Amino acid sequence: LAQKVRTGIELMDEIFANEGPLDLASARGTVTVAAADSMGLAIVPALSQALADAAPNVTLDVRLPDPDHLREWLTEGECDIAVGHFPDPHPDLRSTPLFPQPLSCISARGRKDSPLTLDDYLQRTHVVFGSPFSPRSTLEQTLTRALSAAGHDRMRSVRVSSVLVIPYIVAGSQHVATLPTWMCRHFAGLLNLQVSPVPIDLPPIENAM
């Protein structure tokens, strides 16, 4: 039995052995990255160009992360890398911190714009990521917990399965939304939006790989 096991291990070593330095220019295959829409908008354009320059024959697949299945995806090879806000990563996963992601509020511009107060924020209706047909959002959960700890909650009137439609909904309605600050500023340059600080103290929104 020991000899059979040894032979099997040697065969696996041969199959998975690193036979030399990787030649990116001729490498073929697929790299699958799990990233939420906001992270995809932030990093995928530069990542896709870097990959095209270094490894033109490698395909980049981007999928929405599902925190409830992230360990399973990474362990079983359904996904190679996950990037985003994962406040409670499984201890089996290797993690590298990337950068913080502060949050801001957006609302449609009016005649007399002023930053949203806490009362405004709680009385207005909100557009949130997290329809019943989308994965759980760790960012939304972090925000909800911070509000709950302060004894508050939001009126979630519109729930969507893509963060990218939220600014357009807000710009054409009386709803408000809470999104990464850089994203608020980006869409405020395109749409009729006002950007305000979130009127409560929030824990750090840290992104990791």
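Compute the accessible area per residue over the chain, keeping the other protein chains in place, probe 1.4 Å, unit Å².
Values: 12570 Å² over 209 residues.
I get 60 Å² per residue for this part.
Close amide H contacts of residue 82 (hydrogens built in the peptide plane, cut-off under 5 Å, sequence separation of 5 or more or a different chain): 34. Once you sort the root eigenvalues of the Cα gyration tensor of segment 89-163 as a ≥ b ≥ c, which label holds: rounded (a/c under 1.5), prolate (a/b larger than b/c) or oblate (the other case)? Because a/c hits 1.5 or more and a/b exceeds b/c, segment 89-163 counts as prolate. Relative to the longest principal axis of the Cα atoms of the chain, the long axis of helix 37-54 lies at roughly 40 degrees. Given that just one value was derived from the coordinates, which of (1) 51, 39, 34; (2) 78, 39, 28; (3) 63, 38, 34 is Cα extents along the principal axes in Å? Structure-derived value, by its label: (2).
Accessible surface of the chain, 1.4 Å probe: 55 percent of it comes from carbon and sulfur atoms. Put the Cα centre of segment 169-185 next to the Cα centre of segment 119-153 and the gap is 13 Å. The angle separating the long axis of helix 2-16 from the principal Cα axis of greatest extent in the chain is about 60 degrees.
Placing a label point 7 Å from the Cα of residue 161 along the Cα-to-Cβ direction, the residues of segment 53-84 with a backbone N closer than 18 Å are 62-69.
Once the Cβ-Cβ distance between residue 75 and residue 209 is put in as r, and R0 is 22 Å, what FRET efficiency do you end up with, to the nearest 0.05?
Details: r = 16 Å, r/R0 = 0.74.
Approximately 0.85, to the nearest 0.05.
The values are calculated or read from the model by the stated rules, or taken from the named source; none is laboratory data. Because the structure is a prediction, the values reported are computed rather than measured. Glycine gets a Cβ as well: all are built from the backbone with ideal geometry, and neighbour counts include every protein chain shown. All accessible areas refer to the heavy atoms of the entire protein, side chains included, with ligands and DNA or RNA removed. Shrake-Rupley method; radii C 1.70, N 1.55, O 1.52, S 1.80 Å.
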